[in-house]
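Peer 1: This is the structure, below, for whatever I ask next.
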Amino acid sequence: MTIREIGFDADDTLWHTERLFRLTQERFADLLAEHVEAGHLMERLLAAERRNLGAYGFGVKGFVLSMIETAIEATDGRVPAPVIAELLAAGREMLAHPIELKPHAGEVVERLARDHRLVLITKGDLLDQERKLAQSGLGEAFDAVEIVSDKVASVYARAFSEPERAVMVGDSMKSDIVPAIAAGAWALHVPSDIVWEVERADDPRSERFRRVAHLGEVPEAVEGLR
Ligand SMILES: [Mg+2]
């Protein structure tokens with residue numbers, strides 16, 4: 001039994017994303033520093049993001065709306081309009097920010113595409129994910145691209161024609177690893193140095209779960225799955 005299909009996560013697996021969110025969060029904190037009491041601002045932002053995921057989904061636009069909501073709440077409605085304008089500008093900059101591939105991304109994807117069906121499985125703002133994939137130059141290597149609202153087991157069951165002969169490669173335990181295993185596929189965790197709280201989960205107790213140090217180790221790890 002060899003692996004035929006490989007699913008790749010995009011954000012923070014093939015290219016950097018989370019560090020841009022962190023930089024924007026720092027800008028958010030700086031912008032609000034003179035308008036709110038110090039402390040708990042980041043906790044409030046995270047709570048707003050969690051609260052809004054079901055309505056806004058994942059991605060930059062929902063993040064910007066959650067920053068604005070938090071700014072209004074934290075200042076008891078007194079946040080100046082120019083600060084709101086700065087937050088909107090920060091979001092637009094994120095949506096225009098050039099992507100940077102992670103080390104080994106290009107060579108690994110191209111090498112694995114020779115002998116496997118590759119599927120890109122990602123969530124976030126549709127336009128933004130399409131833009132980043134186009135900019136990555138990796139689009140040709142993928143046989144299918146799934147941009148979904150959330151990465152749950154049913155998404156993997158549908159994306160892979162034979163889950164037991166498929167492996168999902170990604171940085172998020174919550175979105176890439178746990179639901180892929182639940183769908184009957186294998187899962188290969190490629191840890192990222194920055195992890196969004198929402199994407200954390202415990203390691204699954206499954207013999208179909210593996211972890212590598214970085215993307216460069218993925219081809220050999222895929223070979224070893226059986
Ligand atoms: Mg990811």
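Peer 1: For the range 189-226, which positions are in contact with a Ser or Thr (Cβ under 6 Å, 6 or more places away or on another chain) and over 30 Å from Q25 (Cβ atoms)?
Peer 2: none
Peer 1: Looking at the range 21-31, can you tell me whether even one residue there is away from the ligand (no atom under 14 Å from the Cβ), of a type in the set (A, V, I, L, M, F, W, C), within 29 Å of K102 (Cβ to Cβ) and within 21 Å of the chain's Cα centre (by Cα)?
Peer 2: yes
Peer 1: Across the range 179-215, what is the number of residues that are in a helix (DSSP H, G or I) and open to solvent by less than 30 Å² (accessible area, probe 1.4 Å)?
Peer 2: Of the residues in that region, 6 qualify.
Peer 1: If you scan the range 161-171, which residues turn out to be within 13 Å of the ligand (Cβ to nearest atom) and either closer than 17 Å to M1 by Cβ or open to solvent by less than 10 Å² (accessible area, probe 1.4 Å) (or both)?
Peer 2: M168, V169, G170
Peer 1: Starting from residues that are within 16 Å of D115 (Cα to Cα) and either in contact (Cβ under 8 Å) with a residue 40 or more places away in the chain or crowded, with 20+ Cβ neighbours inside 10 Å (or both), keep the ones in the range 139-160 and report whichever is farthest from the ligand (Cβ to nearest atom).
Peer 2: F160
Peer 1: Scan A47, A74 and give me the residue that is of a type in the set (G, A, S) and in contact (Cβ under 8 Å) with a residue 24 or more places away in the chain.
Peer 2: Going through A47, A74 in turn, just one is of a type in the set (G, A, S) and in contact (Cβ under 8 Å) with a residue 24 or more places away in the chain: A74.
Peer 1: Please state which one of T75, T122 is open to solvent by less than 20 Å² (accessible area, probe 1.4 Å) and more than 21 Å from the chain's Cα centre (by Cα).
Peer 2: T75
The rows are residues; the columns are (1) touching a Phe, Trp or Tyr at 6+ places or on another chain (Cβ under 9 Å); (2) more than 15 Å from the ligand (Cβ to nearest atom).
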{"position": "P191", "(1), (2)": "no, no"}
{"position": "I194", "(1), (2)": "yes, no"}
{"position": "P204", "(1), (2)": "no, yes"}
{"position": "R211", "(1), (2)": "no, no"}
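Peer 1: Something else now. Could you list, in sequence order, the residues of the range 216-226 that are outside any helix (DSSP H, G or I) and touching a residue at least 60 places away in the same chain (Cβ under 8 Å)?
Peer 2: Once the filter is applied, which keeps residues that are outside any helix (DSSP H, G or I) and touching a residue at least 60 places away in the same chain (Cβ under 8 Å), the range 216-226 yields L225, R226.
The values are calculated or read from the model by the stated rules, or taken from the named source; none is laboratory data. Predicted model only: the values in this text are computed from it and were never measured. Every residue, glycine among them, receives a Cβ derived from its backbone with ideal geometry; neighbour counts consider all protein chains shown. Accessible surface is based on the protein model in full, side chains and every heavy atom, while ligands, DNA and RNA are left aside. Shrake-Rupley method; radii C 1.70, N 1.55, O 1.52, S 1.80 Å.
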